[in-house]
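The structure under discussion appears below in the form of structure tokens.
A short reminder: the numbers here are calculations on the coordinates, not readings from a lab. Note that the structure is a prediction, hence the values are computed from the model and not measured. Counting neighbours? That spans all protein chains shown, and the Cβs are built from the backbone with ideal geometry, glycine included.
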Amino acid sequence: MAPQWGCGNAKFSASYSFTKSSSDLNLVLIYIGWILIVSLGTFFIYVADKRSAQRGRWRVPEATLHIWAVLGGWPGAWIAQRMVRHKTRKLSFQIAFYLTIVLHALIVVLIGFLYFKMIEQQT
């Protein structure tokens, strides 16, 4: 029987079967693809913002840079920061950025833990 949870009269059931299969590999590949695509976009946003800063033009808001990192673009942001030396001195920005990386790492570890816990319970 699938685990159930709910609030009041509403009940929900987790009916996905967690087994080692090609669909699990597909989910991993989709996640990696997402990270790569969003990272590429984030990289170009950082480069564009650096060029705008050098030319005294309109800048990308810091909140937008953080949103892209939170959505999965943190690897692209990290690479751009190193390559074009952008947003590397502002401590408050760096703290928020590295917290984003920690958040992503914790999410991946939690999902992995839950996944293997469910596989273990099925055997």
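Summary table below
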item	result
Extension gain (nm, one decimal) between I37 and I111, 0.36 nm per residue minus Cα-Cα	24.5 nm
Cross-link reach list, aspartates and glutamates versus K87, counting only Cα pairs under 17 Å and skipping chain neighbours closer than eight places	D49, E62
Sparse-neighbourhood loop sites, trypsin sites (Lys or Arg not before Pro) in the range 46-121 - DSSP loop, at most 14 other Cβ within 10 angstrom	R57, R59, R85, R89, K90
Loop sites in the range 35-123: chymotrypsin sites (Phe, Trp or Tyr not before Pro), DSSP, at most 15 other Cβ within 10 Å	W58
